[in-house]
Structures are given as C-alpha cells and as structure tokens.
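Take a look at the structure set out below.
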Amino acid sequence: MSSVINFLGQLSTTLSFSITFGTVILFGALGEILTEKGGNLNLGVPGIMYIGAIASLAGALKFEGLVNNPNPILCILVCLLCAFVASALGGLLYAFLTISLRTNQNVTGLTLTIFGTGIGNYIGGSLGSVGTVCAENTSRAVKAYFNTLVIKLDELTGTFKIGSLIFHHGFMVYLAIVLAIVLWFFLNKTRTGLCLRAVGENAATADAAGINVTKYKYLSTCIGAGISGLGGCFYVMEYIDGLWETSATIEALGWLAVALVIFATWKPIRCVWGAYLFGLLSWFYFLIPGLFKGSDKIFQMLPYLFTLLVLIMVSLRRRKEDQPPASLGIPYFREER
C-alpha cells in the first residue's frame with residue numbers, strides 16, 4: 001500500500017512539473033505559429049526566449065531598485081512588459097532583415113539565436129555586480145509576486161492532489177491556455193486572421209486582393225516574437241525561482257518549442273496538450289529513478305522522436321489542414337509577382 005501511495009505522490013509531482021515545463025515551450029510555440037502563419041520561418045525562437053528572460057529579470061531588478069515598496073501587480077506588469085517589448089524588438093530586427101533587406105530567413109534566424117543567447121548571458125552575468133545577496137533577494141521577491149496570482153482550491157485527496165495539480169499554478173499557466181484559445185479564434189474566425197493566413201499561403205495572391213503583405217508579415221513576426229519571449233519570462237520567474245543560469249537550458253527549450261509547432265501541425269489548441277505531453281515525456285524518468293543510468297537523457301529525447309513520427313505521418317497522409325503554410329520561408333518580392 002505504501003508503494004502505491006508513494007507512486008501516486010510521485011505521479012502528482014511529475015504531472016505538476018510537466019505542466020510547468022510545458023508552459024515554457026507553449027509560449028514559444030504559440031508565438032512561432034503566429035509568425036509562421038504569416039509565411040516567415042523564424043528559427044531565432046531560442047534567442048528571442050533568452051531576450052525575454054533577461055529583459056524580464058533585469059526590468060524587475062531595476063524597478064525594485066527604484067521603488068521602496070513596489071506593488072506586486074506593477075512588478076508583474078513590468079516583468080511581462082519588458083519581456084514582450086524586448087522580444088518584439090528582436091522580432092522587428094528579424095523582420096527588417098528578412099522582409100525589407102531580403103536576407104535568408106534560416107541564416108537570419110540562427111544568427112538571432114546566437115545573438116540572443118550571447119546578450120542574455122552577458123547581461124545575466126553582469127547582474128551579479130549589483131551584489132549577490134541583493135540580486136537573490138530581489139529575484140525571489142519577484143517569484144513571490146508571480147505567485148500572488150495563483151488560483152488555489154482545497155486538495156481533493158491526501159495523496160493525489162488533483163485540486164492542487166490543476167489549480168495551483170502561477171497565473172501564466174492559465175494565461176498560456178487562454179492565449180492559445182484566443183490565437184485559434186483569431187486565425188480561424190476573424191477577418192484579420194484569415195488575411196494573415198492568406199499571406200502565408202500565397203503572398204502574391206493576397207497582395208493582388210489588396211492585402212498589405214508587408215504590414216501583416218511585420219506585425220505577425222513582431223507580435224509572435226513578443227509572445228515567444230513570455231516563455232523566457234516564465235522560465236526565469238517561475239521555473240527557476242527568479243534566478244539566472246548559463247546552462248543553455250533556455251536554448252534547448254526554444255528548439256523544443258520549434259519542434260512543438262511541427263508536432264501540433266500549426267494548430268494553437270493542439271499546442272496545449274502537445275506542450276504538456278512534451279513536458280511529461282521529459283520528466284517521466286522521475287517516476288522510474290534508477291532504472292538505468294542516463295534514463296533522464298533518453299526520455300528528454302522522446303519529444304523530438306515524437307515530432308519526427310508526426311512529420312512522417314503528415315508527409316504520408318498529405319492532409320491539407322495538417323500542412324505548413326504554403327509560402328513558409330519563401331521571401332516575397334512584389335516586383336517579381
């Protein structure tokens with residue numbers, strides 16, 4: 001009986017970790033879906049998530065240094081605003097290079113990843129100059145602020161904490177789910193969203209129909225980058241308790257977000273359960289500790305293997321609704337229409 005109770009407890013913890021882990025890549029994937037629906041393939045998602053992470057942390061430290069008794073809600077808004085704006089500026093840089101200057105999208109995206117990783121680690125390392133104790137206390141205060149908007153319900157049982165599992169997360173977990181629903185509605189039920197999809201499918205036809213292709217590409221890329229950057233914000237503020245690390249974990253999560261876009265076949269709602277599945281696969285080794293050496297690394301490979309399987313299935317079935325935007329990654333020059 002005790003072994004069953006221990007297993008249920010471990011299962012509850014694993015599922016909780018999976019939801020938190022999945023939320024990080026969910027933000028990144030939702031932002032990339034919006035970008036790719038406009039026809040731009042931005043492989044700079046890992047770098048953008050780095051930018052969002054360091055911008056939120058630096059913004060919180062600066063804000064708390066200027067205000068004696070900072071309001072928790074204002075501190076949260078500063079974190080989110082800094083992450084979104086800084087990441088959107090990264091998206092603007094990518095858009096300017098690929099849309100206006102017509103550079104190669106793949107090369108530009110990879111360069112943005114290197115740039116974002118470098119600038120994030122550089123600024124993250126320099127934050128130590130304000131004093132280790134001060135930085136840690138401030139960061140943990142930000143973490144506490146994020147938890148002030150947590151929804152709590154009574155635990156339904158003593159072991160398998162269902163109420164705690166579903167409703168005891170930081171508010172950004174629920175924000176990500178709401179954002180996925182809003183993005184689905186925008187892309188499928190609004191005129192603007194349908195115009196954006198038309199740009200991604202065939203920019204020349206959309207242009208001939210009077211749609212401002214350049215405007216749609218710029219806005220989708222910048223806003224999409226801003227959404228992806230919120231994943232970096234959530235990672236540093238919630239996942240690692242408001243601290244900074246240089247272990248390249250954010251970069252790995254960024255590539256996992258790109259894989260999630262393919263796994264979800266460019267559908268926002270499917271991204272939600274796909275993100276949690278990726279989180280469960282990455283943390284499943286927690287349920288079988290000591291099974292064999294290196295089991296955690298093997299399970300962390302599973303999301304990518306599942307993505308490969310989805311790619312194979314999509315290629316074989318060739319269903320129109322599961323295909324990427326037809327003009328994805330293809331630059332549009334109006335003069336060549």
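Given (1) closer than 30 Å to T205 by Cβ; (2) assigned to a helix (DSSP H, G or I), where does A86 come up short, assuming only one miss?
Here A86 clears every test but (1).
Only one of (1) at pLDDT below 85; (2) crowded, with 19+ Cβ neighbours inside 10 Å fails for S327. Which number is that?
Every listed condition holds for S327 apart from (1).
Could you grab me the full set of residues in the range 244-280 that are in contact with an Asp or Glu (Cβ under 9 Å, 6 or more places away or on another chain) and open to solvent by less than 50 Å² (accessible area, probe 1.4 Å)?
Across the range 244-280, the qualifying residues are A257, V258, L260, V261, T265, W266.
Just checking: which of the helices (runs of 4 or more DSSP H) contained wholly in the range 184-287 hold 1 or more residues that are farther than 20 Å from M301 by Cβ and not aromatic (F, W, Y)?
Ranges flagged: 191-201, 203-208, 213-234, 268-283.
Does L61 satisfy the condition of being part of a helix (DSSP H, G or I), surrounded by fewer than 21 Cβ atoms within 10 Å (Cβ to Cβ) and free of Cβ contacts under 8 Å to residues at least 40 places away in the same chain?
no
Mind checking which residues of the range 64-88 are under 22 Å from G109 (Cβ atoms) and either at pLDDT below 85 or open to solvent by 50 Å² or more (accessible area, probe 1.4 Å) (or both)?
Correct list: F84, V85.
Scan (1) free of Cβ contacts under 8 Å to residues at least 60 places away in the same chain; (2) of a type in the set (D, E, K, R); (3) crowded, with 18+ Cβ neighbours inside 10 Å for the single condition R191 breaks and write down its number.
If we test R191 against (1) free of Cβ contacts under 8 Å to residues at least 60 places away in the same chain; (2) of a type in the set (D, E, K, R); (3) crowded, with 18+ Cβ neighbours inside 10 Å, just (3) comes out false.
Among the listed residues G52, G91, G39, identify the single one that is more than 25 Å from P303 (Cβ to Cβ) and open to solvent by less than 30 Å² (accessible area, probe 1.4 Å).
G39
The values are calculated or read from the model by the stated rules, or taken from the named source; none is laboratory data. The structure displayed is predicted, hence computed values, not measured ones. Neighbour counts run over all protein chains shown; Cβ positions are idealised from the backbone, glycine included. The protein model used for the area step is the full one, side chains on, heavy atoms only, and it has no ligands, DNA or RNA in it. Shrake-Rupley method; radii C 1.70, N 1.55, O 1.52, S 1.80 Å.
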